[in-house]
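Colleague: Sharing a structure here in structure tokens format.
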Amino acid sequence: MRAKKTAALGAAVAAAAAATALLSAPSAVAAPNPIVGGTTTTASAYPYVMQITDSSQNQFCGGTLVSATKVVTAAHCMVDETTSSVRVVGGRTYRNGTNGTVSRVTDIWVHPDYTDATEGNDVAVLTLATSMPYTTASYVDSSDTSVYAAGTTARILGWGTTSSNGSSSNQLRTATVPTVSNSSCSSSYGSSFIASDMVCAGYTSGGVDTCQGDSGGPLMIGGVLAGITSWGEGCAQAGYPGVYTRLTTFSDDVTEQIES
Ligand code: ARG
């Protein structure tokens, strides 16, 4: 499931990676990347963090509860999914847990211009059949563009792999990473980085990042949902920050979906 959803990304950034191959010294410097680099946490500490699962409750992406029945996630998480194939699980700290609230999905809105994460528009809103009894996250307004100022601390959350090609974390993890300027992210990713739709976050030296399975989950800035985990070249690699959906660009779309 995760491999299917991310297969296109490696190819899409291959050109950018090849262009900088001499700078990145692959594998020789690869170290275990504990989310890569964070700490374990709980669903009670971050009640708005949702597991997006298949019909057997196997988590494959993250999401953020923005109203009792609306969850923001990544469009690329919904490729080949239908309202009957997806569940949203709230209040569950562990991937193998059975607690919390499981909801079916009655509607999947994917941004109409979405084609691939590296082309932008990587946002989707799910409508839940069952209300989630958890505190929601507020999200940025379209005018809040200053939240992304380079160097701002952002919080990432998810159950994704703790190293590139590693296995998923059973327990929810979190870490903080600094936002990266558009010019710096363009240097990393070339034309795959679309500043209007994306924002990058990560340390220059790597080591802390989202990874496969974290997609769709929140990038929180100042306690407010400001981004959606979207893509990156490998995970936690020096010179290749994580790329997140720039939610200010899609805030009005999300509001429209919440009100629909
Ligand atoms: N596309 C991945 C997913 O589907 C998320 C990758 C994030 N990568 C990164 N280096 N930050 O889970």
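Colleague: Give the residues of segment 199-210 that are of a type in the set (A, V, I, L, M) and surrounded by fewer than 24 Cβ atoms within 10 Å (Cβ to Cβ), sorted by residue number.
Modeller: Answer for segment 199-210, where residues must be of a type in the set (A, V, I, L, M) and surrounded by fewer than 24 Cβ atoms within 10 Å (Cβ to Cβ): just Val208.
Colleague: From the list Gly239, Gly232, Gly217, Gly213, which one is surrounded by fewer than 24 Cβ atoms within 10 Å (Cβ to Cβ), within 12 Å of the ligand (Cβ to nearest atom) and not assigned by the TED database to the domain that holds Met78?
Modeller: It is Gly239.
Colleague: Ok, one more. Has segment 248-257 got at least one residue that is closer than 20 Å to Tyr189 by Cβ and acidic (Asp, Glu)?
Modeller: We begin by selecting, within segment 248-257, every residue closer than 20 Å to Tyr189 by Cβ; these are 248-250.
From what's left, acidic (Asp, Glu): none.
No: segment 248-257 contains no residue that is closer than 20 Å to Tyr189 by Cβ and acidic (Asp, Glu).
Colleague: Only one of Thr162, Thr229 is modelled with pLDDT under 95 and touching a Pro at 6+ places or on another chain (Cβ under 8 Å); which? Give the derivation first.
Modeller: Details: Thr229 fails: modelled with pLDDT under 95.
Among Thr162, Thr229, only Thr162 is modelled with pLDDT under 95 and touching a Pro at 6+ places or on another chain (Cβ under 8 Å).
Colleague: Separate question: When residues of segment 94-110 are filtered for being more than 15 Å from Thr135 (Cβ to Cβ), in contact with a strand residue (DSSP E or B) (Cβ under 7 Å, 6 or more places away or on another chain) and part of a loop (DSSP other than H, G, I, E, B), how many remain?
Modeller: 1
Colleague: Which of the residues spanning segment 77-87 are within 16 Å of the ligand (Cβ to nearest atom) and either aliphatic (A, V, I, L, M) or in a strand (DSSP E or B) (or both)?
Modeller: Passing the criteria: Met78, Val79, Val86.
Colleague: Only one of these is more than 23 Å from Arg95 (Cα to Cα), within 16 Å of the ligand (Cβ to nearest atom) and of a type outside the set (S, T, N, Q): Gly222, Gly151, Gly160, Gly207. Name it.
Modeller: Answer to the check: Gly207.
Colleague: Something else: Take Asn58 and decide whether it is modelled with pLDDT of 95 or more, within 16 Å of the ligand (Cβ to nearest atom) and surrounded by fewer than 19 Cβ atoms within 10 Å (Cβ to Cβ).
Modeller: Details: modelled with pLDDT of 95 or more: yes; within 16 Å of the ligand (Cβ to nearest atom): yes; surrounded by fewer than 19 Cβ atoms within 10 Å (Cβ to Cβ): yes.
Answer is yes for this residue.
The values are calculated or read from the model by the stated rules, or taken from the named source; none is laboratory data. As the structure is a computational prediction, the values presented were derived from the model and not from experiment. Methodologically, a virtual Cβ is constructed for each residue, glycine included, from the backbone with ideal geometry; neighbour enumeration extends over all protein chains shown.
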